[in-house]
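The values are calculated or read from the model by the stated rules, or taken from the named source; none is laboratory data. All of these numbers come straight from a predicted model, not from anything done at the bench. So basically every Cβ, Gly included, is an ideal-geometry build from the backbone, and we count neighbours across all protein chains shown. When the accessible area is computed, the model is the full protein with side chains, heavy atoms only, and any ligands, DNA or RNA have been set aside. Shrake-Rupley method; radii C 1.70, N 1.55, O 1.52, S 1.80 Å.
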Amino acid sequence: MPACEYEPPPYKGPDYNHIRQVRGSLLNPALLTNFSSPLLIYDGYMQWLFDHTGKRYLDLFGGIVTISIGHCHPKVVAAATEQINRLWHTTNIYLHPKVHEYAERLTQTLPGDLKVVYFVNSGSDANDLAMMMARLYTKNFDLVSLRNSYHGASPYTSGLTASNTWKYNFANGFGIHHAANPDPYNGLWGGHRDSPVQSVRASESELVDGVCSSAEKYVRQLEEICMYSIPKKKLAGFFAESIQGVGGTVQFPLGYLKKAFELVRSNGGVCISDEVQTGFGRTGEHFWGFEGHDVIPDIVTMAKGIGNGFPLAAVVTTPDIAKTMTGALHFNTFGGNPISSAVGLSVLEVIEEEKIQQNSLEVGTYFLQKLAKLREDYTIVGDVRGKGLMIGIEMVQDKTNQTPLNPQTMMDIWDACRDLGVILGRGGLYGTVFRIKPPMCITHADVDFTIAVLQHVLDETTKTL
């Protein structure tokens, strides 16, 4: 395991068994813990986490793609502390400097006319607001998202989310349609994707002038929704993640999103890019994931990495769309409060000063190239995909028909990596995609350590299959 300069103080909190008892009786019973035996994490520094025994772990999931620049980054801690000592909260019925400094700096990172920001508290908040904006601006009601997408779990956004893992049995999703997911690995058609590691099904398509032939086939599926399920030319909007996160790091065939945006606009709708997981340099080549698709959306939603773990989110749109919201008062009590604004501003400064986006590109590409070798060497590694430090490893029982790996083997691998000091996330419909979305400060040495752990665990696993 690579060295770490930080030494955590001894744990002095409640007993582990007592915490598990409280968790089981007093907290949300639908809130599942990772691993067969949950970790009790009490300290963190940059890419490292520490449990109650003092054991150190390399965090490759970043608090579900939320720690963008490192746990307890010193500069962000200092910015938050300085603001806490000056002013916590006033609400935006008054002026305070930080939210204005931050709005100016944040909108400078976005292209085109994306210049008006609404600060909120979570990704679900942001997508809720974007849904309302799209409907108010277009004066249309119907929205489209993609199957396998995740856009939140609030009563409003649960309709956009298209995975039964996150669906409750109650009336929701009125006016929302789900288009076929353009997945080059598991979808109806294979395809070429924007990744250092190509899909094993890329040969099923042709690549002409940088556009995959499968893109047009999936766009036709979207077009059929517009033709058969929505009043003519009365689409309100289309939501898409630049790379699907919770769904298992699914990338689209090259050219799909650009063609989809053109279709949506020709049918009266606006285009909404959900950058909750792909923003702030995570994909490496670009600051925003949608830039890798050569598109400029009408509305962008962002959260998670925006605050490096602090509750902060935002919706950014054009002045024209923003004016729609002046038809009534709109207010968010904690959105853009002084502390969150100070934190958000500091995160942007660190991304620039420490070349976080460049590190994501370089280390992420190195990581993907190393993981690609695992796909070649192990029959249970079906796919490796992603770009930058937005990476997925899909595990299978059978590479020929892509049968998902059985749950017990998946859990055994997950636990074994954890025991050796590597924390991975999981996603996908069946929970069979290992999600690697670490703090973007990880190093080449961290990658080498992870690869060694994975090789050891996979060697041991395949002996018993």
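Given the structure, is ALA30 closer than 22 Å to GLY427 by Cα and open to solvent by 30 Å² or more (accessible area, probe 1.4 Å)?
Yes; evaluated as a whole, the condition is true for this residue.
Name the pairs: first residue in region 342-361 and within 22 Å of SER195 (Cβ to Cβ), second residue in a helix (DSSP H, G or I) and open to solvent by less than 50 Å² (accessible area, probe 1.4 Å), Cβ to Cβ under 9 Å, at least 6 apart or on different chains?
Sorted first by the residue in region 342-361, then by its partner, the pairs are ILE356/VAL350; GLN357/ILE351.
(1) within 25 Å of GLU285 (Cα to Cα); (2) among the hydrophobic types (A, V, I, L, M, F, W, C); (3) over 21 Å from the mean Cα position of the chain (by Cα): which one isn't true of MET227, the others all being true?
Failing condition for MET227: (1).
Okay, residues lined up against (1) more than 25 Å from the chain's Cα centre (by Cα); (2) closer than 25 Å to GLY62 by Cβ; (3) charged (D, E, K, R):
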position	(1), (2), (3)
ASP320	yes, no, yes
GLY336	no, yes, no
VAL350	no, yes, no
VAL363	no, yes, no
ALA372	no, yes, no
ASP383	no, yes, yes
LYS387	no, yes, yes
GLN397	yes, no, no
GLN402	no, no, no
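Of the residues in region 71-113, how many are part of a loop (DSSP other than H, G, I, E, B), open to solvent by less than 80 Å² (accessible area, probe 1.4 Å) and among the aromatic types (Phe, Trp, Tyr)?
Adding up the residues that qualify gives 0.
Report, by residue number, each residue of region 248-285 that is part of a helix (DSSP H, G or I), open to solvent by less than 10 Å² (accessible area, probe 1.4 Å) and under 23 Å from THR318 (Cβ atoms). First the steps, then the outcome.
As a first pass, look at region 248-285 and keep what is part of a helix (DSSP H, G or I): 256-266.
From what's left, open to solvent by less than 10 Å² (accessible area, probe 1.4 Å): 256-257, 260-261, 264.
Residues satisfying the conditions are LEU257, ALA260, PHE261, VAL264.
Restricting to region 202-212, count the residues that are closer than 18 Å to ASP294 by Cα and open to solvent by 70 Å² or more (accessible area, probe 1.4 Å).
Number of matching residues: 3.
Looking only at residues in region 223-247 that are part of a helix (DSSP H, G or I), free of Cβ contacts under 8 Å to residues at least 40 places away in the same chain and not aliphatic (A, V, I, L, M), which one is most open to solvent (accessible area, probe 1.4 Å)?
First, the residues of region 223-247 that are part of a helix (DSSP H, G or I): 223-228.
Subsequent filtering for residues that are free of Cβ contacts under 8 Å to residues at least 40 places away in the same chain retains 224, 227-228.
Subsequent filtering for residues that are not aliphatic (A, V, I, L, M) retains 224, 228.
Details: GLU224: 93, TYR228: 172 Å².
The selected residue is TYR228.
Residue by residue through region 25-70, note down the ones that are part of a loop (DSSP other than H, G, I, E, B), in contact with a Pro (Cβ under 8 Å, 6 or more places away or on another chain) and small (Gly, Ala, Ser). Spell out the reasoning first.
In the first step, residues of region 25-70 are kept if they are part of a loop (DSSP other than H, G, I, E, B); the result is 27-40, 47, 52-55, 60-61, 66-70.
Now drop any that are not in contact with a Pro (Cβ under 8 Å, 6 or more places away or on another chain), which leaves 47, 54, 60-61, 67-70.
Those that are part of a loop (DSSP other than H, G, I, E, B), in contact with a Pro (Cβ under 8 Å, 6 or more places away or on another chain) and small (Gly, Ala, Ser): GLY54, SER68, GLY70.
Taking the options SER158, SER199, SER154, SER145, name whichever one is assigned to a helix (DSSP H, G or I) and either surrounded by fewer than 16 Cβ atoms within 10 Å (Cβ to Cβ) or among the small types (Gly, Ala, Ser) (or both). Outline the logic, then answer.
Numbers: SER199 fails: assigned to a helix (DSSP H, G or I); SER154 fails: assigned to a helix (DSSP H, G or I); SER145 fails: assigned to a helix (DSSP H, G or I).
Just one listed residue meets the conditions, SER158.
Can you list residue pairs whose Cβ atoms sit under 6 Å apart, with the first residue in region 6-17 being without any contact (Cβ under 8 Å) to a residue 40 or more places away in the chain and the second being aliphatic (A, V, I, L, M) and part of a loop (DSSP other than H, G, I, E, B)? Count only pairs 6 or more apart in sequence or on different chains.
TYR16/LEU40
Every residue, every condition in (1) open to solvent by less than 10 Å² (accessible area, probe 1.4 Å); (2) of a type in the set (Asp, Glu), yes or no:
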{"position": "ALA162", "(1), (2)": "no, no"}
{"position": "PHE170", "(1), (2)": "no, no"}
{"position": "ILE176", "(1), (2)": "no, no"}
{"position": "ASP183", "(1), (2)": "no, yes"}
{"position": "ASN186", "(1), (2)": "no, no"}
{"position": "GLY191", "(1), (2)": "yes, no"}
{"position": "SER214", "(1), (2)": "yes, no"}
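In contact with a helix residue (DSSP H, G or I) (Cβ under 8 Å, 6 or more places away or on another chain) and either assigned to a loop (DSSP other than H, G, I, E, B) or free of Cβ contacts under 8 Å to residues at least 40 places away in the same chain (or both), is that true of ILE442?
yes
Assuming GLY24 fulfils every condition listed in (1) at pLDDT 95 or above; (2) open to solvent by less than 90 Å² (accessible area, probe 1.4 Å) apart from one, which condition is it?
Status for GLY24: all satisfied but (1).
Failed condition for PRO297, given (1) of a type outside the set (Gly, Ala, Ser); (2) within 22 Å of ALA134 (Cα to Cα); (3) open to solvent by 10 Å² or more (accessible area, probe 1.4 Å); (4) not in a helix (DSSP H, G or I), with all others met?
(3)
On the given criteria, is ARG435 at pLDDT 95 or above, part of a strand (DSSP E or B) and under 18 Å from SER36 (Cα atoms)?
Yes: the conditions hold for ARG435.
Here is a check on your reading of the model: is ILE67 open to solvent by 10 Å² or more (accessible area, probe 1.4 Å), within 20 Å of the chain's Cα centre (by Cα) and within 19 Å of GLY309 (Cα to Cα)? Spell out how you get there, then give the answer.
Details: open to solvent by 10 Å² or more (accessible area, probe 1.4 Å): yes; within 20 Å of the chain's Cα centre (by Cα): yes; within 19 Å of GLY309 (Cα to Cα): yes.
Here the answer is yes, as ILE67 does meet what is asked.
Is there a residue in region 102-116 that is without any contact (Cβ under 8 Å) to a residue 40 or more places away in the chain, out of contact with any Leu (no Cβ under 9 Å at 6 or more places or on another chain) and more than 24 Å from ALA342 (Cα to Cα)?
no
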